[in-house]
Amino acid sequence: MGGLSPAKRLYQTIIHQYSRTINCNSSNHLAQRLIQEPISRIKTTLDSETVNKSGDENLEFSWDSLLTCVHHHSPPKAQLVLEWRLEKLLKEKEKNENLYSDLIHLCGKIHDPQTAMRVFTSMESNHGGKPSSNVLDALISAHLSSNNMVTALSIFETMQNSDDYKPTAHTYNLFISAFANLGNSKAMLAWYSAKIASGFLADLDAYGALILGSVKLKRFEDAEKFYGEMLEARIKPNAVVLHSMLVGFCEQKDLVKIRGFLKGVLEHKWRIDGYMAEKLIGFYCELKLVEEMEWVLVALTETNHNQDLDTVSQIHNGLIRFYAKLDRLDDMEYSVGRMLKQGASFRSHKDVENVLCSYFRAGAYDRLDVFLEFIKDSHELARSSYELLVAGYRRAGLCEKVDLVIKDLETQRKE
């Protein structure tokens, strides 16, 4: 090995370590084609589908979503897609290392470290045997995706011992995230400390993994500490961080912290998304904390900057569902009127049917008529809703109303 270049020695070291430890759009269209085709025609189909009318390659679509879809139906077909991409890069003598890095990353997405290693080893002939930290990070990620920690650590050690391909901040984040997902607090924190000791600053990805890991382990104080550090460092939390913090507060059933957290989100003009809305609805409904749900709705509508109307609609529907379940007709009707006045609407026929059932349980047929008239311009009843009305009126012996509902349904079908 004495006469080999440092780059080639790096390749041989990683390959040796690996051998010891391992004994939609246009993309949706192509994904459906590949799912339907037999294994023997996967590469032929890719050849024909990725060439435009001018005879040039048309690769302007999401390989990520394509592979995810194909892999869900047939992992062997997904592997062939990766092999085809590698063959194209080699045939064209591609020198852009980012394309190889992206391909290795895709291997990790479908948990295929073997193909990731093939991509890596194939780079040598086309890229002059000069990998980069970016490529090695992708390779580590591919192995971590399959929980192949030994090989991932071997690659990291190789990077540490290299003069040219030192670990990056992203390298450390990969390990922090991997151990966070595994629920290994000690290793997660050790990698975080190692990152700081190596001269890197804490960043969004690191904090996101630390907070997620802490919440999974129910180390809620640690999660709050990292979240506080984030805010002090003026790092804007992403959806993953906000989701994790909300989950942690809900698990603690700490109403004061939940409200304080939500106030902070709104004050910073960050978004409360659909996931957070559903989490809050489920939590408050379970504990029958309707006043807190009302507070969230008011807070959202009073500070409506950057808030998705669909999220506001979720809260509205959650409240209506809650009042309907308890047969609190006055509150339910007020909530329906308020929702429509604010430009939101019923999100599904099931939400409407919750209201219908409440009226039937209460025997409030006149109020039901008013409700149906009130929503007819904003919501088209589903067939299941009509069936519910027919069944409810029949049980009540209201034959005339049954006939009217059936007539209305027939009219809807003709239109």
Options Met230, Met276, Met293, Met188: the member that is of a type outside the set (Phe, Trp, Tyr) and within 18 Å of the chain's Cα centre (by Cα): Met276
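Only one residue in Lys216, Lys263, Lys288 is in the same structural domain as Ser335 (by TED's automatic domain parsing) and not aliphatic (A, V, I, L, M). Which one? Don't jump to the end; show me each part of the working.
Numbers: Lys216 fails: in the same structural domain as Ser335 (by TED's automatic domain parsing); Lys263 fails: in the same structural domain as Ser335 (by TED's automatic domain parsing).
Matching residue, one of Lys216, Lys263, Lys288: Lys288.
Given the residues Ile315, Ile258, which is the only one that is in contact with a helix residue (DSSP H, G or I) (Cβ under 6 Å, 6 or more places away or on another chain), under 30 Å from Glu232 (Cα atoms) and surrounded by 14 or more Cβ atoms within 10 Å (Cβ to Cβ)?
The match here is Ile258.
Which members of the stretch 363-374 meet the condition of being of a type in the set (A, V, I, L, M, F, W, C), surrounded by 14 or more Cβ atoms within 10 Å (Cβ to Cβ) and assigned to a helix (DSSP H, G or I)? Spell out the reasoning first.
The first filter runs over the stretch 363-374 and keeps only residues of a type in the set (A, V, I, L, M, F, W, C), leaving 364, 368, 370-372, 374.
Subsequent filtering for residues that are surrounded by 14 or more Cβ atoms within 10 Å (Cβ to Cβ) retains 364, 368, 371-372, 374.
Of everything in the stretch 363-374, those that are of a type in the set (A, V, I, L, M, F, W, C), surrounded by 14 or more Cβ atoms within 10 Å (Cβ to Cβ) and assigned to a helix (DSSP H, G or I) turn out to be Leu368, Phe371, Leu372, Phe374.
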Options Leu182, Leu189, Leu174; residue that is in contact with a Ser or Thr (Cβ under 8 Å, 6 or more places away or on another chain) and either modelled with pLDDT of 95 or more or not assigned by TED's automatic domain parsing to the domain that holds Phe120 (or both): Leu174
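Among the residues of the stretch 115-138, is there at least one that is more than 27 Å from Gln79 (Cα to Cα), among the basic types (Lys, Arg) and not in a loop (DSSP other than H, G, I, E, B)? Outline the logic, then answer.
Taking the stretch 115-138 first, the residues more than 27 Å from Gln79 (Cα to Cα) are none.
No, every residue in the stretch 115-138 fails to be more than 27 Å from Gln79 (Cα to Cα), among the basic types (Lys, Arg) and not in a loop (DSSP other than H, G, I, E, B).
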Among the residues listed as Leu356, Leu404, Leu409, Leu388, the single one being in a helix (DSSP H, G or I) and assigned by TED's automatic domain parsing to the domain that holds Val296: Leu356
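Pick out the one residue from Ile272, Ile235 that is outside the structural domain of Gln342 (by TED's automatic domain parsing), farther than 18 Å from Lys216 by Cα and surrounded by 20 or more Cβ atoms within 10 Å (Cβ to Cβ). Steps first, please.
Working: Ile235 fails: surrounded by 20 or more Cβ atoms within 10 Å (Cβ to Cβ).
Step by step, each of Ile272, Ile235 is checked, and only Ile272 is outside the structural domain of Gln342 (by TED's automatic domain parsing), farther than 18 Å from Lys216 by Cα and surrounded by 20 or more Cβ atoms within 10 Å (Cβ to Cβ).
The values are calculated or read from the model by the stated rules, or taken from the named source; none is laboratory data. Worth saying up front: this structure is predicted, and the values here are computed from it rather than measured. Neighbour counts run over all protein chains shown; Cβ positions are idealised from the backbone, glycine included.
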